[in-house]
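*Asks:* Take a look at this one; I'll ask things after.
All of the numbers you see were taken from the coordinates with simple rules; none came from a lab. Worth saying up front: this structure is predicted, and the values here are computed from it rather than measured. All Cβ positions, even for glycine, are placed from backbone atoms using ideal geometry, and neighbour counts span all protein chains on display.
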Amino acid sequence: MKGTKNDGFDVKLYGDPSTCDVRMGLLCLLESPSMTANITTRQASLDDIDMLVPLFDAYRVFYQQPADPALAHAFLHERMALRESVIFLAESGTHERSASGFTQLYPGFSSVSARRLWILNDLFVLSDARGRGVGRALLERARTHARRTGACRVTLSTAADNRNAQALYEDVGFQRDGDFFYTLAVD
């Protein structure tokens, strides 16, 4: 997950704790509780795009981007049609027949591990559904997906001032990665 402020809160979630390398703040996933009751997570398809657009647009607005549902629709449609990402939806009793949150994973690879990894680029929960286990359920679904696809880890980053997200990640078992990351803008 990456916001407009990339000031370095980076974490890694590993699919298999026995393969973790513990050095310089790079830590392993600890097992966490199972999903919260009354929350269903499922992989989204193109049929879900109208349900996803408002969530994705609200996610972008949270990271100080202007609202643009048409852009959100085009971006999501392209990612899904080209199978460039995997999106999971969370549905709960509060938002019957609509999603209360989503997470989007992009595929990547670890040359060192010679295995697939997943980049958890986006995680968003509607404000009135926060604190009810929706984010946790989505993180658990990402972990399950990583394990099922033989990935060595799931990586994510968030803004240094996003304390609520950090608390959730740490509660689920994520731990801060002390490595340095750099970004090169190309436009």
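*Asks:* Have a look at L82, L55 and point out the one that is hydrophobic (A, V, I, L, M, F, W, C) and under 26 Å from E140 (Cβ atoms). Walk me through how you get there before you give the answer.
*Replies:* Numbers: L82 fails: under 26 Å from E140 (Cβ atoms).
Selected residue: L55, the only one of L82, L55 that is hydrophobic (A, V, I, L, M, F, W, C) and under 26 Å from E140 (Cβ atoms).
*Asks:* Report whether or not I87 is touching a Pro at 6+ places or on another chain (Cβ under 8 Å) and either not polar (S, T, N, Q) or not in a helix (DSSP H, G or I) (or both).
*Replies:* no
*Asks:* Given the structure, is S127 within 18 Å of the chain's Cα centre (by Cα) and closer than 17 Å to F174 by Cβ?
*Replies:* no
*Asks:* Another question about this same structure. Select from region 92-107 the residues that are surrounded by 16 or more Cβ atoms within 10 Å (Cβ to Cβ) and either more than 23 Å from T155 (Cβ to Cβ) or over 9 Å from the mean Cα position of the chain (by Cα) (or both) and list them in ascending order.
*Replies:* Correct list: S92, H95, A99, S100, G101.
*Asks:* From the list D161, D177, pick out the single residue that is crowded, with 17+ Cβ neighbours inside 10 Å and over 24 Å from R42 (Cα atoms).
*Replies:* D177
*Asks:* Let me ask another. Of everything in region 151-177, what is under 21 Å from Y106 (Cβ atoms) and free of Cβ contacts under 8 Å to residues at least 60 places away in the same chain? Give them in sequence order.
*Replies:* Passing the criteria: only L168.
*Asks:* Regarding A67, is this residue more than 25 Å from A159 (Cβ to Cβ), free of Cβ contacts under 8 Å to residues at least 60 places away in the same chain, among the small types (G, A, S) and surrounded by fewer than 14 Cβ atoms within 10 Å (Cβ to Cβ)?
*Replies:* No; evaluated as a whole, the condition is false for this residue.
*Asks:* Go through (1) farther than 30 Å from G178 by Cα; (2) basic (K, R); (3) loosely packed, with under 14 Cβ neighbours inside 10 Å for R147 and report which single condition fails.
*Replies:* Just one mismatch for R147, condition (1).
*Asks:* Would you confirm whether or not region 59-75 contains a residue that is among the charged types (D, E, K, R) and part of a strand (DSSP E or B)?
*Replies:* no
*Asks:* Another question, then. Within region 74-83, does at least one residue satisfy the condition of being of a type in the set (A, V, I, L, M, F, W, C) and either within 19 Å of I39 (Cβ to Cβ) or touching a Pro at 6+ places or on another chain (Cβ under 9 Å) (or both)?
*Replies:* So far as region 74-83 goes, no, none of its residues is of a type in the set (A, V, I, L, M, F, W, C) and either within 19 Å of I39 (Cβ to Cβ) or touching a Pro at 6+ places or on another chain (Cβ under 9 Å) (or both).
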